[in-house]
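Below: one structure, written as structure tokens.
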Amino acid sequence: MNKTEKEQLREELHHIFNTHPYALVLSFSGLKVNDVAALRRKLRDSKCAYRVVKNTVAKIAADGTPMAALLDQFEGTTAIAYHPSDPVVLAKIFSDFTKDNKAIGFKGILLEGRPLPADQLEMVVNMPTKTESLSKMLFLLNYPVTSLARVLQASLRDLCLVMKEARKES
């Protein structure tokens with residue numbers, strides 16, 4: 001890799017580190033080509049990305065970005081996986097993948113631009129996804145309105161029944 005290519009890679013990584021607040025720093029020694037292809041397919045389907053990085057270039061690119069907090073993790077074989085808006089999807093894919101394939105190890109997590117140790121991955125996996133959170137919030141916002149409509153409808157129905165009975169008696 002010549003100097004121009006390294007500079008281009010550094011700029012690209014710097015942009016990724018600045019614009020993606022959710023990332024995993026991974027080790028991947030012993031990973032088979034078929035497994036990598038399957039992993040990349042799952043990630044692409046979920047709008048995530050996976051990239052093997054050169055440690056020296058990645059450390060330079062991370063300077064001045066939230067990823068700088070994980071600089072000490074860029075040792076040995078290193079890859080990054082990132083998602084622009086949902087850390088849970090990313091964490092679940094890797095958690096499921098590592099159940100069958102022990103070749104990937106977690107070095108660190110970047111969540112909302114803050115570093116977390118790798119052992120916190122299970123906490124992220126157990127969080128609801130962005131879609132699940134939005135649907136729960138919409139349900140909670142909609143519930144009082146629905147309940148109010150039912151109460152008002154029941155009162156109106158009961159009033160009509162009372163008036164109907166009163167008319168029958170007269």
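Pick from the range 60-77 the residues that are buried (at least 18 other Cβ atoms within 10 Å of the Cβ) and over 21 Å from Gln8 (Cα atoms): which of them is farthest from the chain's Cα centre (by Cα)? Result: Gln73. Out of curiosity, is Tyr50 in the same structural domain as Glu12 (by TED's automatic domain parsing), closer than 28 Å to Gln8 by Cα and under 12 Å from the mean Cα position of the chain (by Cα)? No, not satisfied. Scanning the range 65-124 for residues that are assigned to a helix (DSSP H, G or I) and touching a Gly at 6+ places or on another chain (Cβ under 7 Å), we see that the one that is farthest from Val53 (Cα to Cα) is Ala118. Pick from Arg157, Arg167: which is at pLDDT 80 or above and of a type in the set (D, E, K, R)? Just one listed residue meets the conditions, Arg167.
Would you check if there is a residue in the range 125-137 being in contact with a Phe, Trp or Tyr (Cβ under 9 Å, 6 or more places away or on another chain) and either within 25 Å of Lys47 (Cβ to Cβ) or modelled with pLDDT under 80 (or both)? Checking the range 125-137: at least one residue is in contact with a Phe, Trp or Tyr (Cβ under 9 Å, 6 or more places away or on another chain) and either within 25 Å of Lys47 (Cβ to Cβ) or modelled with pLDDT under 80 (or both).
Any residue that is modelled with pLDDT under 90, touching a Ser or Thr at 6+ places or on another chain (Cβ under 6 Å), farther than 23 Å from Thr131 by Cβ and not small (Gly, Ala, Ser) - is there at least one of those in the range 34-56? Checking the range 34-56: not a single residue is modelled with pLDDT under 90, touching a Ser or Thr at 6+ places or on another chain (Cβ under 6 Å), farther than 23 Å from Thr131 by Cβ and not small (Gly, Ala, Ser).
The values are calculated or read from the model by the stated rules, or taken from the named source; none is laboratory data. On a predicted model such as this, the values are computed, not experimentally measured, just so you know. Note: ideal-geometry Cβ built from the backbone for every residue, glycine included; neighbour counts use all protein chains shown.
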